[in-house]
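Since every read-out is calculated from the coordinates, none of them should be taken as a lab result. Fair warning: this is a prediction, and the values are worked out from it, not measured in the lab. Here the Cβ is made from the backbone with ideal geometry for all residues, glycine too, and neighbour counts use every protein chain on show.
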Amino acid sequence: MLEFETLINYLTIAVTIISALLVALWLSLIVWAFRDMRSRSRDPFAQILAAVVVAILPIFGLVIYLILRPPQTLADSYERALEEEALLQEIEERPTCPGCSRIVHKDWMVCAHCHTRLHKQCHHCDKLLALQWEICPYCAAPQAAEPPLLPWEQANLGAE
Ligand SMILES: [Zn+2]
Ligand SMILES: [Zn+2]
């Protein structure tokens, strides 16, 4: 009889430990679902709902949550937005030709497509300058407001 009681005692202890572990697992799953939802949504209602679903339906609730949760975390979407913005900025900053609107290189003197003048060259240090600059910012040499004609422009004038 004494042996049977000992067995019952052991069983009780085992069941208690297992129950405690299951409760701990259940609680940590609830906390995990709440935190996971918080990293995906700023909506407090959605965060609480995720925790409640996992709390009410311990295993199935978790599966349902994993299926329905937003695919992107807030950090992911933030990063993606930054990337898109950087890409847009790069496109906007790419200079275009005032004559034909095609993309030109910032070091070009004339547009390769329509031959519109894009820059003039400093007569002193040979750096490329904006057409409207009247002084070279690199060597301080004063510049003519109208840049000298390029060889092909002179040829055009002569032909007319
Ligand atoms: Zn052009
Ligand atoms: Zn210069």
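See the values below:
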read-out: Efficiency of FRET between CYS100 and SER39 - r from beta-carbon atoms, R0 35 angstrom, step 0.05; value: 0.10
read-out: Under 5 Å, built H, 5+ apart or other chain: amide partners of LEU129; value: LYS120, GLN121, CYS122
read-out: Net charge contributed by nearby residues that have their C-beta within less than 10 Å of HIS119 (K/R +1, D/E -1); value: +3
read-out: Mean Kyte hydropathy of 0.5 or more with a Cα span along the axis of at least 27 Å, helices from DSSP in the chain; value: 2-38
read-out: Percentage relative contact order, the stretch 2-72, counting C-alpha pairs under 8 Å, at least six apart; value: 26 percent
read-out: When the chain is reduced to its Cα atoms, the Kirkwood hydrodynamic radius in Å; value: 23.3 Å
read-out: Cβ-based exposure ranking for LYS127, LYS120, LYS106, in which fewest neighbours within 10 Å come first; value: LYS106, LYS127, LYS120
read-out: Computed magnitude of the charge dipole of the stretch 15-160 (debye, nearest 20; Cβ of K, R +1, Cβ of D, E -1); value: 680 debye
read-out: Neighbour-count ranking [beta-carbon atoms within 10 angstrom, fewest first] of ARG35, ARG117; value: ARG35, ARG117
read-out: Nonlocal amide H pairs with GLN143, under 5 Å, H built at 1.01 Å; value: ILE135, CYS136
read-out: Residue-by-residue Karplus 3J(HN,Hα) for the stretch 123-136, coefficients 6.51, -1.76, 1.60, Hz, glycine and proline x; value: 6, 9, 10, 6, 6, 7, 10, 5, 4, 7, 5, 9, 9, 7
